[in-house]
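Undergrad: Below is a structure I'd like to ask you about.
The values are calculated or read from the model by the stated rules, or taken from the named source; none is laboratory data. Bear in mind that the values here come from a model prediction, so they are computed numbers and not experimental data. Positions of Cβ are generated from backbone atoms using ideal geometry, with glycine treated the same way; all protein chains shown enter the neighbour counts. Heavy atoms of the whole protein, side chains included, go into the accessibility calculation; ligands, DNA and RNA do not. Shrake-Rupley method; radii C 1.70, N 1.55, O 1.52, S 1.80 Å.
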Amino acid sequence: MEVVLSFGWMALVFWLILRAHGQRNLLPALHPAATVIRDPPNISVIVPARNEAGNLARCLDSLLGQDYPQERLNIIVVDDDSTDNTFAIGSSFAGKSRSLKVIRCPPLPPQWCGKPHACWTGARMSRPDDEWLCFIDADVEGGAKLMRSAVAAARSQDLALLSLAPRQRLGSFAERLIIPCGLFLMAFSQDLETVQSPHSSDVTACGQFMLVHRQAYELAGGHAAVHGAICEDLELARRIKKACGKVMLQDGKFLLSARMYTGWKSLWTGLSKNLVEMLGGHAATVITASLVLLLSLASIMLPAVDGLRCASGRAPDCVALVPALAGTAAAAGLHIAGALYFRTPLWYGLMFPVGYTVGACLALDSLRRHWRGKIVWKDRSYP
C-alpha cells in the first residue's frame, strides 16, 4: 500500500505540473505594440477608487505617461466615498492635466456593491464618442505602451472585451506565502482552453484591467446589470460574451503590475470576499479545500513515514520512499520556480504546504461568510 500511495503521489504531482504548464501556454502574453495605431479611437479610462491614497498617485502617473494621443484619452477617477486623501490626490493630478477629472460617487443605492456602482458612475461620465471604456483598478501601474498595445490587440482579435492579468508585486510575508499558491491552484483547476473558447458559455477575466468596446458594454447592460455582484468582473464578462462578442484574458506581465494587498488583514478580507465564486461555488470550494489540505499533508507525511519505516529496515518502504521524495521534490521545484518569477526569496517555495493549508482555511472562512450572508469589504457590509 505504501508503494502504491507513493507512486500515486508522484504521478499526481507530475500531472499537476504538466497541467499548469499547459494552462500557461493557453494564456497568451500581451507584448508592447511595436507600431503606432492608425486612427486611434477615443478611450475613457475609469479608475474606481475607495480609500486608495497609498496607490492612486502611482496609477495616475502611469496613465498620464501613456504614449497614446492625449486628446483621445479621457481619464475619470471615481472617488467612492473615501475617508482618506484619495479625492485630494486625484484632484491634484486633475489640476495638472486637462485629460483627467475626478468625480465623487453618489451615495450607494440599496442592493448595489461599491465597485460596480463606481464603475457605472464613471461610465456614464464618459464622452459620447468614446469607442472603448477601460476599467482599471487604482492599485495597478501600467507601462507607457499599455493603452496602445491593448487597443491594438483588441482590434486585431475583434474582441468585445480584453482583460489583462497584471504581474503581481508581493511585499509582505502574507502575500508571498499565499498569492503564488493561489495562482498555482487556479492553474491546476481552471480549464482555460474551454473558458477562452468563443463557443463556451463560461468565461474568465481579471477586474484589474478590462478594456470593453462601448457598444458591447451597453448591449450587456453595463455594470448596472451586475450591480449586486461581488465578482462583478466575471459576471460582466459573462454577459458581454453571451450578448455580443468575444472575450479574452491575456497575461499582461510585460505591460502592467499590481499590488492588491499589503498584509494579512487586507489579504484575508480581500480574498475571502469572493473566493467561493472564484472556485466555482459552495460545493466546489469544499471539495477544493479538502483536496488541498490532503495533498499538503501528503507532501510532508508520505516521505516522512516512508523514510522512518525504511530506516527501520522495511524494504517495501525503502522502495516507496523514492517516488514519495520525487513527488515532493518536484512540487518544491515548481514553487521555487514561482518564487523566482515573483522575485521573492527562494525559501518561500519550500513553504508551499503551509501556503496551501492557510489558503484552504481562507476558503472555508469565505464559505462561512457566504453562509452568514454578509460580506465585508472596504468598510462596507454586503448582504
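Undergrad: Listed residues LEU177, LEU170, LEU159, LEU185; which is more than 30 Å from GLY349 (Cα to Cα), among the aliphatic types (A, V, I, L, M) and under 21 Å from the mean Cα position of the chain (by Cα)? Spell out how you get there, then give the answer.
TA: Details: LEU177 fails: more than 30 Å from GLY349 (Cα to Cα); LEU170 fails: more than 30 Å from GLY349 (Cα to Cα); LEU185 fails: more than 30 Å from GLY349 (Cα to Cα).
Residue meeting the stated conditions: LEU159.
Undergrad: What residue, among those in region 143-180 that are in a loop (DSSP other than H, G, I, E, B) and over 30 Å from ALA360 (Cα atoms), is most open to solvent (accessible area, probe 1.4 Å)?
TA: At the first step, the residues of region 143-180 found to be in a loop (DSSP other than H, G, I, E, B) are 143-145, 157-160, 166, 169-172.
Okay, now just the ones that are also over 30 Å from ALA360 (Cα atoms), so 143-145, 157-160.
Details: GLY143: 28, ALA144: 53, LYS145: 78, GLN157: 59, ASP158: 122, LEU159: 10, ALA160: 10 Å².
The qualifying residue most open to solvent (accessible area, probe 1.4 Å) is ASP158.
Undergrad: Pairs under 7 Å by beta carbon, first residue aromatic (Phe, Trp, Tyr) in region 37-59, partner at pLDDT below 95, six or more apart or different chains?
TA: Note: no pairs meet the criteria.
Undergrad: Only residues that are outside any loop (DSSP other than H, G, I, E, B) and in contact with a Gly (Cβ under 7 Å, 6 or more places away or on another chain): list them for region 20-48, please.
TA: Pass one, region 20-48, residues outside any loop (DSSP other than H, G, I, E, B): 20-25, 29, 43-48.
Listed by number, the residues that qualify are ILE46, PRO48.
Undergrad: Related question: Can you tell me which residue in region 64-79 is most open to solvent (accessible area, probe 1.4 Å), limited to those that are over 10 Å from MET147 (Cα atoms) and acidic (Asp, Glu)?
TA: Among those that are over 10 Å from MET147 (Cα atoms) and acidic (Asp, Glu), it is GLU71.
Undergrad: Checking SER97 against (1) touching a residue at least 24 places away in the same chain (Cβ under 8 Å); (2) more than 26 Å from ALA224 (Cβ to Cβ); (3) assigned to a loop (DSSP other than H, G, I, E, B); (4) open to solvent by 60 Å² or more (accessible area, probe 1.4 Å), which single condition isn't satisfied?
TA: Unmet for SER97, out of (1) touching a residue at least 24 places away in the same chain (Cβ under 8 Å); (2) more than 26 Å from ALA224 (Cβ to Cβ); (3) assigned to a loop (DSSP other than H, G, I, E, B); (4) open to solvent by 60 Å² or more (accessible area, probe 1.4 Å): (4).
Undergrad: Before we move on, is ALA339 touching a residue at least 60 places away in the same chain (Cβ under 8 Å), in a helix (DSSP H, G or I) and closer than 19 Å to LEU18 by Cβ? Let's see the steps before the verdict.
TA: Working: touching a residue at least 60 places away in the same chain (Cβ under 8 Å): yes; in a helix (DSSP H, G or I): yes; closer than 19 Å to LEU18 by Cβ: no.
The answer is no for ALA339.
Undergrad: Considering region 313-331 alone, what residues qualify as being under 29 Å from ARG167 (Cβ atoms) and surrounded by fewer than 21 Cβ atoms within 10 Å (Cβ to Cβ)?
TA: Once the filter is applied, which keeps residues that are under 29 Å from ARG167 (Cβ atoms) and surrounded by fewer than 21 Cβ atoms within 10 Å (Cβ to Cβ), region 313-331 yields ALA329, ALA330.
Undergrad: Quick one: in region 274-323, which of the residues that are out of contact with any Lys or Arg (no Cβ under 7 Å at 6 or more places or on another chain) and of a type in the set (D, E, K, R) is farthest from ARG238 (Cα to Cα)? Quick ask: steps written out before the conclusion?
TA: So the first thing to find is which residues in region 274-323 are out of contact with any Lys or Arg (no Cβ under 7 Å at 6 or more places or on another chain), and the list is 274-316, 318-323.
Going one step further and asking which of them are of a type in the set (D, E, K, R), we end up with 277, 306, 309, 314.
Numbers: GLU277: 13, ASP306: 48, ARG309: 53, ARG314: 56 Å.
Within region 274-323, the match that is farthest from ARG238 (Cα to Cα) is ARG314.
Undergrad: Hey, another quick one. For region 1-43, how many residues meet the condition of being surrounded by 21 or more Cβ atoms within 10 Å (Cβ to Cβ), closer than 30 Å to GLN66 by Cβ and touching a Ser or Thr at 6+ places or on another chain (Cβ under 8 Å)? Please lay out each step first, then the result.
TA: Step one: filter region 1-43 for residues surrounded by 21 or more Cβ atoms within 10 Å (Cβ to Cβ), giving 6, 9-10, 13, 30, 43.
Still in the running and closer than 30 Å to GLN66 by Cβ: 30, 43.
Cutting the leftovers down to touching a Ser or Thr at 6+ places or on another chain (Cβ under 8 Å) gives us 30.
So the count comes out to 1.
Every residue, every condition in (1) over 15 Å from the mean Cα position of the chain (by Cα); (2) of a type in the set (D, E, K, R), yes or no:
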position	(1), (2)
LYS241	yes, yes
GLN250	no, no
GLY263	yes, no
LEU271	no, no
ALA284	yes, no
ILE287	yes, no
ALA304	yes, no
GLY307	yes, no
PRO316	yes, no
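Undergrad: Restricting the search to region 196-210, which residues are over 15 Å from the mean Cα position of the chain (by Cα) and within 30 Å of ARG124 (Cβ to Cβ)? Spell out the reasoning first.
TA: So the first thing to find is which residues in region 196-210 are over 15 Å from the mean Cα position of the chain (by Cα), and the list is 196-202.
Passing the criteria: PRO198, SER201, ASP202.
Undergrad: Where the second residue is surrounded by fewer than 19 Cβ atoms within 10 Å (Cβ to Cβ) and of a type in the set (A, V, I, L, M, F, W, C) and the first is modelled with pLDDT of 90 or more and lies in region 293-308, which pairs have Cβ atoms under 7 Å and are six or more apart or on separate chains?
TA: If the second residue must be surrounded by fewer than 19 Cβ atoms within 10 Å (Cβ to Cβ) and of a type in the set (A, V, I, L, M, F, W, C), the pairs left are LEU302/LEU5; PRO303/LEU325.
Undergrad: Would you mind stating whether LEU334 is open to solvent by 40 Å² or more (accessible area, probe 1.4 Å), out of contact with any strand residue (DSSP E or B) (no Cβ under 8 Å at 6 or more places or on another chain), within 28 Å of GLN190 (Cβ to Cβ) and in a helix (DSSP H, G or I)? Give the derivation first.
TA: Working: open to solvent by 40 Å² or more (accessible area, probe 1.4 Å): no; out of contact with any strand residue (DSSP E or B) (no Cβ under 8 Å at 6 or more places or on another chain): yes; within 28 Å of GLN190 (Cβ to Cβ): yes; in a helix (DSSP H, G or I): yes.
No; evaluated as a whole, the condition is false for this residue.
Undergrad: Would you check if there is a residue in region 260-283 being open to solvent by 30 Å² or more (accessible area, probe 1.4 Å) and of a type in the set (Phe, Trp, Tyr)?
TA: Among the residues of region 260-283, at least one is open to solvent by 30 Å² or more (accessible area, probe 1.4 Å) and of a type in the set (Phe, Trp, Tyr), which makes the answer yes.
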